[in-house]
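Down below is the structure, laid out as structure tokens.
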Amino acid sequence: MKISSVKGFHDVLPAESARWAEIEATARDIFDRYNFSEIRLPIVERAELFRRSVGETTDIVEKEMYAFEDRDGTVLTLRPEGTASAVRAYVEHAMQTQEPVTKLSYFGPMFRRERPQRGRLRQFSQIGAEVFGRDDPAIDAEILLLLSDLLQAIGIESAEIGVNTLGCSDCRPAFREALVAWGESHRDQLCADCQRRLQQNPLRLLDCKQPQCVALRDGAPRMIEHCDPACGEHFARVRQLCEEQGLELVLQPYMVRGLDYYCRTAFEVVASGLGSQNAVGGGGRYDGLVKSLGGPQVGGIGFALGVERLALVLEAQGGDAPRPAPEFYIAPLGAAGESAAFALGHRLRAEGARVEVDSGGKSLKSQMRRAGKMEAPYVILLGEDEVGSGRITVRDMQARADRRGVAALDTDINELRAALSAAATAEG
Ligand code: HAM
């Protein structure tokens, strides 16, 4: 009996993983430019970490965490996101004692038991960045510019960054009260979930997707009008710094994000080509989080992008996924050819070439077909004649020409490449 993969847990097949590798390599390059260093975080954490950071009443913690009891009774969870883990590591290793500002990047799988659909999986991969130790608006702007540079370098054409301010622990209580009062006065028109959220987590009313709540929302109070002067100035400065660098941000006064740790600047990236799951990334500031998890009072800000969604957007834009091809396909003919092919292949690989060595006594025709399918630009033919004379024949697949005796059987990669390019030039 065949065993299939688990619902919401997907294989990333080679045709797709080349695109992933490109996205991740691009991200590493951009993170380097902004002086971020990678942290590799564990996949399993104590469940309590996310309860205390993401928030007890969020969908993630209430409904979507993969939590289980370990054999010793500890309640563990497959991490649903990376920020809480990064904060845990920052506190655990007292990173503030090494450098006042810590800039971390991370890559890897996250787990949320959501209802799977296009762009929504139970295991998905994030590319994330977190900064600890700065609370000035310039670092918020730096993070937004990094995010924008990254999206551009990856090739996401339709990305739009929406921003909002969520205020701080000083001004949020009054806003919360205004929101509850507004919600109570419209209680009958709210969906059942929002009626429940009204007392527990009223901010969530603002990003409910139910049509009746969306329709009501335009009359709801906005944080940008209720925040205190310090939060208002901070937000204005972030937007100004981004604008000065030519980065357009779209004000979304009702965006609240689905995690409780945010304060002040919050943002979300949407892109077309994804259908209803159109958020490719999100992030924001979380100034109280490090302290609440036992660390010093330092500010924090970061974001995460979903790799599956980035790949879907690139696919919808019509870009081909990169298809890595071997530079040399070695086609042996006969027993003498096979052992020479094996040795030559090993040497060319050691010298840095991508090489496929055929075997098993296939016909020349079937080996050429396989080489063509792999899009190898050169096929090295090794039969009795080549082994006897000590010179190899190479078929240049693009020129459709055989280069007889173009190089010695014990050639090195540089000589071989030079001989092939000289033969092509001579041919004109
Ligand atoms: P988030 O908005 O929950 O934020 O997730 C960030 C991104 O992860 C989403 O925009 C989406 O692209 C991807 N994602 C989330 N859930 C799924 C899913 N079920 N299937 C596929 N992709 C998904 C966070 O996780 C925060 N930790 C971001 C952050 C970092 N904030 C500050 N620092």
Assess whether PHE328 counts as being touching a residue at least 12 places away in the same chain (Cβ under 8 Å), farther than 24 Å from ASN201 by Cα and aromatic (Phe, Trp, Tyr). yes
Residue under evaluation GLY8, criteria (1) surrounded by fewer than 19 Cβ atoms within 10 Å (Cβ to Cβ); (2) on the phi < 0 side of the Ramachandran plot, criterion not met: (2)
Collect the residues in the stretch 13-26 that are touching a Phe, Trp or Tyr at 6+ places or on another chain (Cβ under 8 Å) and either without any contact (Cβ under 8 Å) to a residue 24 or more places away in the chain or farther than 19 Å from LEU312 by Cβ (or both), keeping them in residue-number order. none
How many residues does the stretch 55-87 contain that are modelled with pLDDT of 95 or more and part of a loop (DSSP other than H, G, I, E, B)? 10
Pick from the stretch 134-183, criterion touching a strand residue (DSSP E or B) at 6+ places or on another chain (Cβ under 9 Å) and under 27 Å from ARG196 (Cβ atoms), ranking: surrounded by the most Cβ atoms within 10 Å (Cβ to Cβ): THR165
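Are any of the residues in the stretch 239-253 assigned to a loop (DSSP other than H, G, I, E, B), farther than 22 Å from ARG204 by Cβ and small (Gly, Ala, Ser)?
yes
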Going by the structure shown, is ASP287 at pLDDT below 95, charged (D, E, K, R) and buried (at least 17 other Cβ atoms within 10 Å of the Cβ)? no
Which of the strands (runs of 3 or more DSSP E) contained wholly in the stretch 261-331 include at least 3 residues that are more than 8 Å from the ligand (Cβ to nearest atom)? 263-270
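To keep it simple, each residue is scored yes or no on (1) surrounded by 12 or more Cβ atoms within 10 Å (Cβ to Cβ); (2) more than 26 Å from LEU150 (Cβ to Cβ).
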{"residue": "GLU24", "(1), (2)": "yes, no"}
{"residue": "ARG40", "(1), (2)": "no, no"}
{"residue": "GLU48", "(1), (2)": "yes, yes"}
{"residue": "ARG52", "(1), (2)": "yes, yes"}
{"residue": "GLU56", "(1), (2)": "yes, yes"}
Given (1) free of Cβ contacts under 8 Å to residues at least 40 places away in the same chain; (2) outside any helix (DSSP H, G or I); (3) in the same structural domain as LEU104 (by TED's automatic domain parsing), index of the condition ALA236 fails: (2)
Just one listed residue, out of ILE127, ILE156, ILE143, is in a strand (DSSP E or B), within 12 Å of the ligand (Cβ to nearest atom) and among the aliphatic types (A, V, I, L, M), and it is ILE127
Contact list, first residue from the stretch 33-51 and assigned by TED's automatic domain parsing to the domain that holds GLY82 and aliphatic (A, V, I, L, M), second anywhere and surrounded by 14 or more Cβ atoms within 10 Å (Cβ to Cβ) and assigned to a loop (DSSP other than H, G, I, E, B), beta-carbon distance below 8 Å, six or more apart or interchain, is LEU41/ARG79; LEU41/GLY82; ILE43/ARG79; VAL44/ARG79; ALA47/MET65; LEU49/LEU293
Residues of the stretch 233-244 being of a type outside the set (Lys, Arg) and either surrounded by 18 or more Cβ atoms within 10 Å (Cβ to Cβ) or in contact with a helix residue (DSSP H, G or I) (Cβ under 6 Å, 6 or more places away or on another chain) (or both), which ones? HIS234, PHE235, VAL238, LEU241, CYS242
Only one of these conditions is not met by ALA325: (1) surrounded by fewer than 18 Cβ atoms within 10 Å (Cβ to Cβ); (2) touching a Gly at 6+ places or on another chain (Cβ under 6 Å); (3) farther than 23 Å from HIS10 by Cα. Which number is it? (2)
Going by what's in this entry, would GLN117 be described as touching a residue at least 40 places away in the same chain (Cβ under 8 Å), among the polar types (S, T, N, Q) and near the ligand (Cβ under 10 Å from one of its atoms)? yes
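The values are calculated or read from the model by the stated rules, or taken from the named source; none is laboratory data. Model, not experiment: these values are computed from the prediction. A quick note on method: Cβ atoms are made from the backbone with ideal geometry, for glycine too, and the neighbour counts reach across all protein chains shown.
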